[in-house]
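The values are calculated or read from the model by the stated rules, or taken from the named source; none is laboratory data. All values reported here derive from a predicted model rather than from experimental measurement. Please note: Cβ atoms are built from the backbone with ideal geometry, for glycine as well, and neighbour counts cover all protein chains shown. Heads up: the accessible areas ignore ligands, DNA and RNA and are worked out on the full protein's heavy atoms, side chains in. Shrake-Rupley method; radii C 1.70, N 1.55, O 1.52, S 1.80 Å.
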Amino acid sequence: MPADAASTTVARRRRLVQRRKALGLTQEALAELMAVGRSTVVRWERGESEPLPWIRPKLAWALKVSADLLESLLAADDQRGDTTAPRQLPAAVADFTGRAVELQRLTQVLEAAKASRPGTVLISVIGGMAGVGKTALALHWAHRVAGRFPDGQLYVNLRGFDPSGTSVTAPEAIRGFLNALEVAPERVPASPEAQAGLYRSLLADRRMLIVLDNARDEQQVRPLLPASAGALVLVTSRSQLTGLAATDGARLLSLDVLAHGEATQLLAARIGPGRVAAEPGAAGEIAALSACLPLAVAIAAARAATRPGLPLAALASELRNASGRLDALDAGDPAASVRAVFSWSVRHLSPDAARMFRLLGVHPGPDISGPAAASLAGCDPARARRRLGELARAHLISERAGGRYAFHDLLRSYAAEQAHDTDGEPERDAATGRVLDHYLHTAAHAAHLLNPSHEPVALAPPGPGAAPEQPADHQQALAWFEDEHRVLLAAIARSAQSGFDVHAWQLAWALAPFLQARGHWQEWAATQRTALGAATRLGEAAAQAVCSRLLAAAYSDLGDYDESASLFTTSLTLYRRLGNRLGEAKVQHNLAALAEGQGRYDDVLKHAEEALRLYRAIGDKASEAGALNNVGWTYGLLGDYEQARTLCRQALDLCREVGHHWLEGYVWDSLGYAEHHLGNLGEAAACYQRALSLHREAGDRFTEAEALAHLGETRQAAGELAQAREAWQQALAIFDDLRNRDAADKVRVLLASPGDHLAEADSPPNRPRPVAVGTAPAR
């Protein structure tokens, strides 16, 4: 055989065999896929025969390559490629699952660079937390595109986060590459600088793929970057390596955990689809309890595989125990232990960042803001941001929109474990106290901005190191509550569980205006039940009075009138025993709303007027404005629309005097009702539009929907049925979103047959409005 033919044969065999093995296929398996004999595959790989044109598309399909790439696999390298082309890629991970989006993105970056940056080296960096599958993705994709780099592939594990603490230096990596490039020892220069120069010279004009796995930082990577325009460098790291993007034009790909379905598929690939199909619920729970982290799923699968008789439900039960989950995700090998691989990342942190990491483990919420983290650690915000930034760059936390930071579930467990093992109980309790003080005092300030008539509560000053935020206005207060909503719910629960009972009931008190305004009534009731339990444990009558009243108000909004009435009675008794006339007035205010919900309008007027008398006696003008509105609204319910309008206009003037913008929306709604029944439909519509605008500004979704329903009634009475229907449809969407079935059903009745509900504008009401909760809540 001529020399050039032999060279072609060797090159062809190498490429085909490499691609087949990368896919985990034997010659027999490939032959079966192609519906040919094994001898045919052998001849193809030896170069003894050519695949016929009609079978090449099927061969491309079997090898999972494009038609162009198949031709590259079948083409011969030049002589230099045969003698010096290294093939260092480790085998691709078996049972690789998912990552379709990430694989496509890597390919798109490669294609785009070939088209728009033909004269530069391409660098792609895959970043992510420990165990997320960075190396698996890099090797799977590298094998997929290896045929595009006929001059070979170089690979090095830089051991940037190795348990030994010793990483591969750049000169060590370069010397390994020179060996792979078959440089004779006597040709290797003595100095590291000269070795690096030789390395770049050898790669000049070569189309090579270089995988730098497990890099520690940019400084470890930069000396290994070639100057060859045809080279691709693929880097994996637990660090973000943003410096490579800034100065070297690297493309960054941040890898997250698998989707739940992909994690379940990975489990099935490791233990067999039949076992997963037999217990799909348990398999899905194992994936979820492994937090869809590929390493954790693989360890759980290994435990299941070694115990084939163990039901998956039993393994799920082991993982369900949060305190022992990290133990369950340990296969006995440091590389197959979630706890161990996390520790390799943490040991590279600065002492301050490591402390922040541990303290984040005792934080109660699903995520945290920079200011709250500063209070948690007892440091200034700038230092907190630096420490959080270090953790984010190490992929130990993730930074989300709005400057918030979140843990992966298993990392949270590891951080809490580290805090317990490293920091004493006094330090952990002090950190918890600081962050609870942060949330309590910020929430109290924000609650007053949302509702100036919210019942005041005397708070102890924040402890040393806590630095509460100061929202400047209503909109900032509402935005803060939206951001911290889930955190505050968790903080209330944690406070009650951890002996911080004062924080438990006071946080619930501060959160009440937001929960009521946003229509989160079940959460309002749940937090107040927790609060009342904490107040009862403390034995503080004043706290029990507040919590009983707020829980009663929540039950009233939920329609549980009997339980609400009982709690109001308890609260009123406590307030009177304490001589707290403001609290007594608040209860009378709430009792008016309760009576309205039950259709007892004479009782509504009695309680509303008593609340007004008490507010005036103690000089609480903000609450007096609310009581005036309630009295006026009640006169409207009783048919005295002139008196209703007079009193509501007085309430409006008082709202403006004290700056109670939130309450103004309720007053405009009451005025709209009076004007409607006085025959002033245009004025009524304008009132409802004002109410609607104020409710939206306040973020009060339920009353926004109420105003829309009322506006629809006025449009209907004016014969504007299209506008009425539009308003009702908007109201219905909100009520459905709030899961308020009663209110939604009343609007559906109107939408179903609007003509049946036409009424004279000046006729007295023979029923309450379809949605009638006009009494402004006393909170």
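How far, in nm, would the chain grow between Val457 and Glu657 when pulled straight, counting 0.36 nm per residue and subtracting the alpha carbon separation?
69.7 nm
Mind counting lysine pairs for me in the chain? Cα separation below 25 Å, and the two need to be 8 or more apart along the chain or on different chains.
9
Applying 1/(1 + (r/R0)^6) with R0 = 30 Å to the Cβ-Cβ distance of Arg616 and Asp736, what FRET efficiency is obtained, to the nearest 0.05?
Efficiency for this residue pair is about 0.15.
I want the antiparallel fraction of DSSP beta bridges within the chain, as a percent rounded to 5.
If I count the DSSP bridges inside the chain, around 25 percent turn out antiparallel.
Enter the Cα centre distance for the pair region 179-200 and region 589-625, rounded to the nearest angstrom.
Answer, in whole Å: 89.
Mean 1/r over all different Cα pairs, inverted: what Kirkwood radius does region 626-705 give, in Å?
Numbers: mean 1/r = 0.0825 Å⁻¹.
That comes to 12.1 Å for region 626-705.
Can you tell me the length gained on complete extension of the stretch Leu751 to Ser323, counting 0.36 nm per residue apart and subtracting the Cα distance?
Roughly 148.8 nm would be gained on extension.
Ignoring ligands, DNA and RNA, what percent of the 1.4 Å accessible area of the chain is carbon and sulfur?
C and S fraction of accessible area: 52 percent.
Give me P(r) over region 121-190, computed from all C-alpha to C-alpha distances, binned every 10 Å, as integer percentages.
15, 39, 36, 10, 0
Expressed as a rounded percentage, what relative contact order does the chain have, with Cα pairs under 8 Å and six or more residues apart?
RCO, the chain: 7 percent.
Report the per residue volume, in Å³, of the convex hull enclosing the C-alpha atoms of region 281-432.
Working: hull volume 17.0 nm³, N = 152.
With only Cα atoms used, region 281-432 gives 112 Å³ per residue.
Once R0 is set to 22 Å, what does the formula 1/(1 + (r/R0)^6) return for the Cβ-Cβ distance between Arg187 and Ala229, expressed as a FRET efficiency to the nearest 0.05?
Computed FRET efficiency for Arg187 and Ala229: 0.35.
Given R₀ = 30 Å, what would the calculated FRET efficiency be for Glu540 paired with Glu427, taking r from the Cβ atoms and rounding to 0.05? Mind dumping the intermediate values first?
Working: r = 28 Å, r/R0 = 0.94.
The computed FRET efficiency comes out at 0.60.
So if each residue of separation counts as 0.36 nm, and I subtract the Cα-Cα distance between Ser350 and Ala278, what length gain in nm does that give?
21.2 nm
In Å, the Kirkwood hydrodynamic radius of region 125-276 over pairs of distinct alpha carbons?
One decimal place: 16.8 Å for the Kirkwood radius.
Return the distance in nm (one decimal) between the two label points of a simple spin-label model at Arg175 and Thr242, each offset 7 Å from Cα along Cα→Cβ.
It works out to 3.6 nm between the two label points.
Taking θ = phi - 60°, what integer Hz values does the Karplus form 6.51 cos²θ - 1.76 cosθ + 1.60 yield along region 642-656, in sequence order, with x for Gly and Pro?
Going residue by residue, I get 5, 5, 4, 5, 4, 5, 5, 5, 5, 4, 5, 4, 5, 4, 5 Hz, with x marking Gly and Pro.
Report, to two decimal places, the Cα Rg of region 166-246 normalised by 2.2 N^0.38 Å (N = number of residues).
Working: Rg = 12.7 Å, N = 81, 2.2 N^0.38 = 11.7 Å.
So region 166-246 has a normalised radius of gyration of 1.09.
List the residues whose amide H sits under 5 Å from the amide H of Ile123, counting only those 5 or more places along or on another chain, with H placed 1.01 Å from N in the peptide plane.
Placed amide hydrogens put Val233, Arg251 under 5 Å from Ile123.
Going by Cα centres, region 363-391 and region 449-528 are how many Å apart?
19
If I histogram all Cα-Cα distances within region 204-342 using bins 5 Å wide from 0, what percent of pairs lands in each bin?
Here the calculated profile for region 204-342 is 2, 9, 17, 16, 12, 10, 10, 10, 8, 5, 2, 0.
Mean residue ellipticity at 222 nm from the helices of the chain, using -39,500 (n - 2.57) per DSSP H segment of n ≥ 4 over the full residue count, to the nearest 500 deg cm²/dmol? All intermediate terms of the calculation are to be shown ahead of the outcome.
Values: 38 runs with 502 residues, N = 779.
About -20500 deg cm²/dmol.
How far apart, in nm, are the 7 Å Cα→Cβ label points at Thr107 and Asp380?
5.2
Scale the Cα Rg of the chain by the rule-of-thumb value 2.2 N^0.38 Å and send over the ratio, two decimals.
That ratio works out to 1.26.
In Å, what Rg and Dmax follow from the Cα atoms of region 369-521?
Using the Cα atoms of region 369-521, the pair Rg, Dmax is 15.6, 46 Å.
Quick check: pseudo-label points 7 Å beyond the Cα along Cα→Cβ at Glu720 and Asp483, how many nm apart are they?
3.9
Kindly provide the pair-distance distribution of region 545-686 built from C-alpha pairs, with 10 Å bins from 0 and whole-percent values in order of increasing distance.
14, 39, 35, 11, 1
Over the chain, average the accessible area per residue using a 1.4 Å probe and give it in Å², no decimals. Show your work: numbers first, answer last.
On the way: 31620 Å² over 779 residues.
Computed with neighbouring chains in place, this is 41 Å² per residue.
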